[in-house]
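What follows is a single structure, written as structure tokens, with notes after it.
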Amino acid sequence: MKKQDALQILLFTVFFAIGTAAVSISLLGGELLRYHQGKELLKKNELFLERLEQINADYDALLKQLHEDPDTVRRLAPATLGIEPVDDKKAAYPKAKLEQLAAARKALMENAARETAVPAESNWIKRCSKWPARIVLFLAGSGLIIISLVYFGPSTGKTSLSDNNSIGISGD
């Protein structure tokens with residue numbers, strides 16, 4: 001195999017592959033976008049499900065503790081309901097104000113939202129799914145396929161006009 005033939009095969013492969021990829025992306029642009037959106041939605045729902053399972057596990061542990069130690073309710077009531085404890089004056093209870101609790105709740109919610117955040121789909125998929133870009137991709141890919149077939153395709157013994165027998169023209 002000559003170097004020229006190897007270069008011709010390489011250029012044909014590169015141009016044809018890029019052209020085919022461009023045409024495929026242009027034809028499947030909307031489906032690719034929906035596929036990636038569905039994949040991201042699935043990831044987001046899986047993260048949400050994991051969070052719910054963690055919350056359920058925490059509540060199960062709390063319920064188990066409540067069943068094992070009935071004094072837990074008495075100790076949790078002042079902190080949860082914000083009332084003054086009635087019986088144990090020697091115990092130190094935190095004095096959290098409503099604003100502090102709201103700030104802590106907000107920080108926890110932001111942290112939970114950050115944990116469940118899923119990265120947005122790629123920008124190239126958004127751009128390729130719009131109609132003007134799809135048309136340009138299709139035309140450019142078709143052009144590359146045609147160029148690869150015409151200029152770098154297999155040579156089939158090119159004929160010249162002087163060889164009349166090969167093209168079926170009589171000398172009369």
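Applying the condition of being exposed (fewer than 11 other Cβ atoms within 10 Å of the Cβ) and not β-branched (Val, Ile, Thr) to segment 121-160 and asking which residue is modelled with the lowest pLDDT yields 160. Applying the criterion of being of a type outside the set (A, V, I, L, M) and exposed (fewer than 13 other Cβ atoms within 10 Å of the Cβ) to the residues of segment 105-120, the residue that is modelled with the highest pLDDT is 106.
Being out of contact with any Ser or Thr (no Cβ under 8 Å at 6 or more places or on another chain) and outside any helix (DSSP H, G or I) is a condition met by no residue of segment 33-40.
Within segment 51-66, none of the residues are of a type outside the set (Gly, Ala, Ser) and either within 30 Å of residue 129 (Cβ to Cβ) or not in a helix (DSSP H, G or I) (or both). Could you please let me know if residue 45 is surrounded by 12 or more Cβ atoms within 10 Å (Cβ to Cβ), of a type outside the set (Val, Ile, Thr) and under 40 Å from the mean Cα position of the chain (by Cα)? Yes: the conditions hold for residue 45.
Of all residues in segment 3-18, exactly one satisfies the criterion of being more than 37 Å from the chain's Cα centre (by Cα) and surrounded by 13 or more Cβ atoms within 10 Å (Cβ to Cβ), namely 8.
The values are calculated or read from the model by the stated rules, or taken from the named source; none is laboratory data. Small disclaimer: the values here were computed from a predicted structure and weren't measured. Don't worry about glycine lacking a Cβ; one is built from the backbone with ideal geometry, like all the others, and counts go over all protein chains shown.
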